[in-house]
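First the structure, in the form of structure tokens, and then the observations on it.
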Amino acid sequence: MITLDDIRSYATAFPEVEETTHFRLPTFKVRGKPFAGVEKGGETAVVSVAQEEAAAAVAADPDVFEEVWRKAATQIFVGLRVDLAKVAPERLRELVEHAWRNKAPKRVVAAYDAG
């Protein structure tokens, strides 16, 4: 099973990432915007990929992935919940990168890609 240490190594491979907590849970942010985090018990993680990518992942493998929505006055898309016992490490690494790219400022992504 993928651990917090694995997710930490995936997330911190990108520039301007900081590890913080959100409701006492480990969360990774780029420029103050959360893009990946581990949920209670460490069995699942949430990555802030684009809604279209999340929908495709759920359609392809609903036993591993689930869309996450926050209920407010309207539903707000949050990201993709991933079962850490069922996902391949390479797939999660890819999702963490997509989430980072989704939340990082364009100039930070451009500098990373150029470097």
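None of the figures in this text is laboratory data; all of them are computed from the coordinates on show. Note that this is a predicted model, so its numbers are computed, not measured. Here Cβ is always computed from backbone atoms with ideal geometry, including for glycine, and neighbour counts include all displayed protein chains.
Residues of region 35-91 being free of Cβ contacts under 8 Å to residues at least 60 places away in the same chain, among the β-branched types (Val, Ile, Thr) and not in a strand (DSSP E or B), which ones?
Within region 35-91, Val49, Val58, Val64, Thr74 qualify.
Out of region 6-34, which residues are loosely packed, with under 15 Cβ neighbours inside 10 Å, within 14 Å of the chain's Cα centre (by Cα) and either in contact (Cβ under 8 Å) with a residue 24 or more places away in the chain or part of a helix (DSSP H, G or I) (or both)?
Once the filter is applied, which keeps residues that are loosely packed, with under 15 Cβ neighbours inside 10 Å, within 14 Å of the chain's Cα centre (by Cα) and either in contact (Cβ under 8 Å) with a residue 24 or more places away in the chain or part of a helix (DSSP H, G or I) (or both), region 6-34 yields Ser9, Lys33.
State which residue is farthest from Tyr112 (Cα to Cα) when the search covers only region 43-53 and only residues that are crowded, with 16+ Cβ neighbours inside 10 Å and more than 10 Å from the chain's Cα centre (by Cα).
Among those residues, the one meeting the criterion is Thr44.
Residue check, Val64 against (1) surrounded by 18 or more Cβ atoms within 10 Å (Cβ to Cβ); (2) β-branched (Val, Ile, Thr); (3) within 25 Å of Glu16 (Cβ to Cβ), all met but one. Which one?
Status for Val64: all satisfied but (3).
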